[in-house]
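Here is the structure we will look at, set down as structure tokens.
The values are calculated or read from the model by the stated rules, or taken from the named source; none is laboratory data. Being a predicted model, the structure only gives us computed values, none of them experimental. Heads up, the Cβs are rebuilt from the backbone with ideal geometry, glycines too, and the neighbour counts pull from every protein chain shown. Protein only, heavy atoms only, side chains kept; ligands, DNA and RNA dropped before computing areas. Shrake-Rupley method; radii C 1.70, N 1.55, O 1.52, S 1.80 Å.
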Amino acid sequence: LLSPIPCSLTQPVTPELLVSPSSQDGDLGSEGPEDRGNWTGRLDFLLSCIGYCVGLGNVWRFPYRAYTNGGGAFLVPYFIMLAICGIPIFFMELSLGQFSSLGPLAVWKISPLFKGVGMGTILIVSLVAIYYNMIIAYVLFYLFASLTSDLPWQHCGNWWNTDLCLDHHVIKGGNTTFPVNTTNTVSPSEEYWSRYVLHIQGSSGIGHPGRIRWNLCLCLLLSWTIVYLCILKGVKSSGKVVYFTATFPYLILVMLLIRGVTLEGAWKGIRFYLTPQFDHLLSSKVWIEAALQIFYSLGVGFGGLLTFASYNTFHQNIYRDTFIVTLGNAITSILAGFAIFSVLGYMSQELGVPVNQVAKAGPGLAFVVYPQAMTMLPLSPFWSFLFFFMLLTLGLDSQFAFMETIVTAVTDEFPYYLRPKKASFSAVICIALFLMGLILTTEGGMYWLVLLDDYSAGFGLMVVVITTCLVVTRVYGMKRFCRDIHMMLGFKPGPYFRACWMVLSPATMMALLVYNIIKYQPSEYGSYRFPAWAEVLGILMGVLSCLMIPLGMVVAVLQEEGTLWERVQQASRPAMDWGPSLEENRTGMYVASLAGSQSPKPLMVHMRKYGGITSYENTAIEVDREMEEEEEEESM
């Protein structure tokens, strides 16, 4: 592993031969855009990545996916897909961001022809940010509802309950002299969620959303306010908040896990969760499910990783960080499965029903099943509060990443105008997304949330990631990309990474995309089937992010000169100012693109400035020598 670089080298120092006459007065900083800023602490970046990747999906999607796809046997395809798809794409995104110090839009200086990929990313992230914050609003609602001595979803008999409501305490108490028929009954927690929180009976469908639920609207406003205050100063403020939001969920998860495994019947649920069914491994569906879980859990393609890495110093060891975050994310998912299924095992024993009848995924687990399980425990409000506080912290740091991605992408495009006003611009974005999310606070808002969840980051996101992978390896060039990483980290990626980037990762994601299209199923929520126009609207959401790519190509080609083919060739080459953002890091082929550059190789200047050659400058000399040898071979 690389040792940390001295503080003196992390400050931008302009080599003497590169100082243009206009900058010698020392007032160049006033002419340039405001500094982007960097992480202020050593762990800011690592904790931000962990907080971004470890989100709600680890708690409410992974355990359910595992038990429906072979239990313990699911871990085999899960870790294989992590190695083929997760780790390589994760490392590629971090490398692009750190090398260029640019956001998801400006990073396409690497090949301006494909800038539409960045536009597609921003569109996807904006749609996800709208509904993701609504989920955080639901969590806040339940968090406040837990601040009571008696949980409101514990018993029937409230104004929102129907005749079908059956209190589990009735079954457990055994006060009735006849057997209770539980087939057509509904739990109090389910009616609390659908009839009180959502008030879904006030809407006849997605086309008639009904009135705004003002308590939900206020929760949504509060969640956007929290997010804005945390990203107010960019990574300087969010980088400090994640010290709490990225670590505290682990403390609560361990508490819930210890409480869960000590409950009667807990092992029934854990056995159900982990019993390996190896016959499932012969099914292609299990491998696809494993790849999808990796794909969405690590957050590749959303631009968050690239954005966070762009605030790193040039020589940060992202190779090490990649393995820490990706493996930590996988272990967290498995741990969450134990915490969830131990409680579900206890619940199934209490209700006298099989575990598979109480196990659910998504909002059904977080807002119906788990809250119901909490009512069966002593000190139920305390455990309920802890659970929802964990969900709040898990959700918030993912939302920070989405917002930082949008704000960074746009401010990097217009640094002179927007960087000095970053706080105001962030406020405008938050207000705009809050207003767009108001439809989710209506009585039929859940229908819109399901539509956004199903389509906003579906096949569009896969197209974005596949295109990124192909552009970096085929258009920009694998040899050149590996050379950039060598310049940055001091070593080249090994055959494992190169094989994954060139063949395995894009091929796997292509298979995922094809499978998703072939196995397409219309959206549904419970027994409600979405009308055709809603399906078309959802598909258009996905297609629109894909259409950004050809649209960006047209714009890039029109900005060039010459014949059509010449324009395409020029637009596909890296921009003149592509490369490391600080002059001291621009060596070899990148130094020629600096404004006012007089010397093609400033390494001697570096030696005179710094009093010797650092290990990174040794690397730069090696890269220069390699390039000279390649040029000689080509000329021969």
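Taking segment 514-535 as the range and being part of a helix (DSSP H, G or I) and surrounded by 12 or more Cβ atoms within 10 Å (Cβ to Cβ) as the test, the residues that pass are Val514, Tyr515, Asn516, Ala534, Glu535. Step by step: first the residues of segment 348-378, then only those that are within 21 Å of Phe389 (Cβ to Cβ) and more than 33 Å from the chain's Cα centre (by Cα), then the one that is surrounded by the fewest Cβ atoms within 10 Å (Cβ to Cβ). Which residue is that? Among residues in segment 348-378 that are within 21 Å of Phe389 (Cβ to Cβ) and more than 33 Å from the chain's Cα centre (by Cα), the one surrounded by the fewest Cβ atoms within 10 Å (Cβ to Cβ) is Pro378.
Okay, residues lined up against (1) out of contact with any Gly (no Cβ under 7 Å at 6 or more places or on another chain); (2) among the hydroxyl-bearing types (Ser, Thr, Tyr); (3) surrounded by fewer than 24 Cβ atoms within 10 Å (Cβ to Cβ):
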| position | (1), (2), (3) |
| --- | --- |
| Gly37 | no, no, yes |
| Thr40 | no, yes, yes |
| Ser48 | no, yes, no |
| Gly51 | yes, no, no |
| Trp60 | no, no, no |
| Arg65 | yes, no, yes |
| Leu75 | yes, no, yes |
| Leu94 | yes, no, no |
| Gly103 | yes, no, no |
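The sole residue among Ile110, Ile122, Ile135, Ile87 that is closer than 30 Å to Arg213 by Cβ and open to solvent by less than 20 Å² (accessible area, probe 1.4 Å) is Ile135.
Mind checking which residues of segment 255-300 are without any contact (Cβ under 8 Å) to a residue 12 or more places away in the chain and either within 19 Å of the chain's Cα centre (by Cα) or under 18 Å from Met390 (Cβ atoms) (or both)? Once the filter is applied, which keeps residues that are without any contact (Cβ under 8 Å) to a residue 12 or more places away in the chain and either within 19 Å of the chain's Cα centre (by Cα) or under 18 Å from Met390 (Cβ atoms) (or both), segment 255-300 yields only Ile258.
Per the listing Ala336, Ala373, Ala359, the residue uniquely of a type in the set (A, V, I, L, M), under 30 Å from Glu524 (Cβ atoms), without any contact (Cβ under 8 Å) to a residue 60 or more places away in the chain and out of contact with any Gly (no Cβ under 6 Å at 6 or more places or on another chain) is Ala373. Of the helices (runs of 4 or more DSSP H) lying entirely inside segment 62-169, those containing at least 1 residues that are out of contact with any Leu (no Cβ under 7 Å at 6 or more places or on another chain) and more than 30 Å from Val186 (Cα to Cα) span 75-81, 87-100, 115-145.
The set of residues in segment 279-300 being open to solvent by 10 Å² or more (accessible area, probe 1.4 Å) and of a type in the set (Gly, Ala, Ser) consists of Ser283, Ser284, Ser297.
Number of residues in segment 310-331 that are open to solvent by 10 Å² or more (accessible area, probe 1.4 Å) and among the β-branched types (Val, Ile, Thr): the value is 3.
Scanning segment 548-574 for residues that are free of Cβ contacts under 8 Å to residues at least 24 places away in the same chain and assigned to a helix (DSSP H, G or I) yields Val554, Leu558, Leu564, Trp565, Glu566, Arg567, Gln569, Gln570. All of Cys546, Cys482 fail the test of being open to solvent by less than 10 Å² (accessible area, probe 1.4 Å) and of a type outside the set (Ser, Thr, Tyr), apart from Cys482. Among the residues of segment 190-198, not a single one is open to solvent by 40 Å² or more (accessible area, probe 1.4 Å), of a type in the set (A, V, I, L, M) and within 29 Å of the chain's Cα centre (by Cα). Where helices (runs of 4 or more DSSP H) fall entirely within segment 260-370, those with at least 3 residues that are aromatic (Phe, Trp, Tyr) are at 266-274, 284-298, 318-351. Of all the residues in segment 146-167, those that are touching a residue at least 40 places away in the same chain (Cβ under 8 Å) and open to solvent by 20 Å² or more (accessible area, probe 1.4 Å) number 6. Here Ala511 qualifies as assigned to a helix (DSSP H, G or I), touching a residue at least 24 places away in the same chain (Cβ under 8 Å) and either under 21 Å from the mean Cα position of the chain (by Cα) or more than 26 Å from Pro574 (Cα to Cα) (or both). Just one of (1) buried (at least 18 other Cβ atoms within 10 Å of the Cβ); (2) without any contact (Cβ under 8 Å) to a residue 60 or more places away in the chain fails for Val503. It is (1).
A residue that is over 26 Å from Phe491 (Cα atoms) and of a type in the set (Val, Ile, Thr) occurs somewhere in segment 385-399. Which of the residues belonging to segment 205-261 are open to solvent by less than 50 Å² (accessible area, probe 1.4 Å) and aromatic (Phe, Trp, Tyr)? Once the filter is applied, which keeps residues that are open to solvent by less than 50 Å² (accessible area, probe 1.4 Å) and aromatic (Phe, Trp, Tyr), segment 205-261 yields only Trp224.
Looking at segment 302-309, is at least one residue crowded, with 23+ Cβ neighbours inside 10 Å and over 16 Å from the mean Cα position of the chain (by Cα)? Looking through segment 302-309, none of the residues is crowded, with 23+ Cβ neighbours inside 10 Å and over 16 Å from the mean Cα position of the chain (by Cα).
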